[in-house]
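Structure first, then comments.
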Amino acid sequence: MLFKSIIPDSLVYRPRWKIGIEQIERVMAQGLRLEWVTFDEEYGKVPEFWFSLDHLGKLWETMDSHNPVRHLICIVLVS
């Protein structure tokens, strides 16, 4: 049996790193304060991602390439 995905026409392609930045901006817009953003090497390959984090004033660190988790963004919230 074949299933079809229905993707709304309003949804446009955005690279994964851009979606990650949008998620961080959404968290910040809700008033949550975050100190660090940690991500794996796939995000680390994208200079625009680092520059966006710098622009947001966030400290960041990339994870070890031997980590089994892929495509991860972890944010550290401060209450």
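None of the figures in this text is laboratory data; all of them are computed from the coordinates on show. Every value quoted in this text rests on a predicted model; they were computed, and no experiment measured them. Don't worry about glycine lacking a Cβ; one is built from the backbone with ideal geometry, like all the others, and counts go over all protein chains shown.
Fewest first, what order do ILE6, ILE24 take by the number of other Cβ atoms within 10 Å?
In increasing order of surrounding Cβ atoms, one gets ILE6, ILE24.
Around LEU34, which amide H atoms from residues at least 5 apart in sequence, or from another chain, sit under 5 Å from its own amide H, with H modelled in the peptide plane?
For LEU34, whose amide H was placed from the backbone, the distant partners under 5 Å are VAL78.
By count of other Cβ within 10 Å, fewest leading, how are LYS58, LYS18 ordered?
LYS18, LYS58
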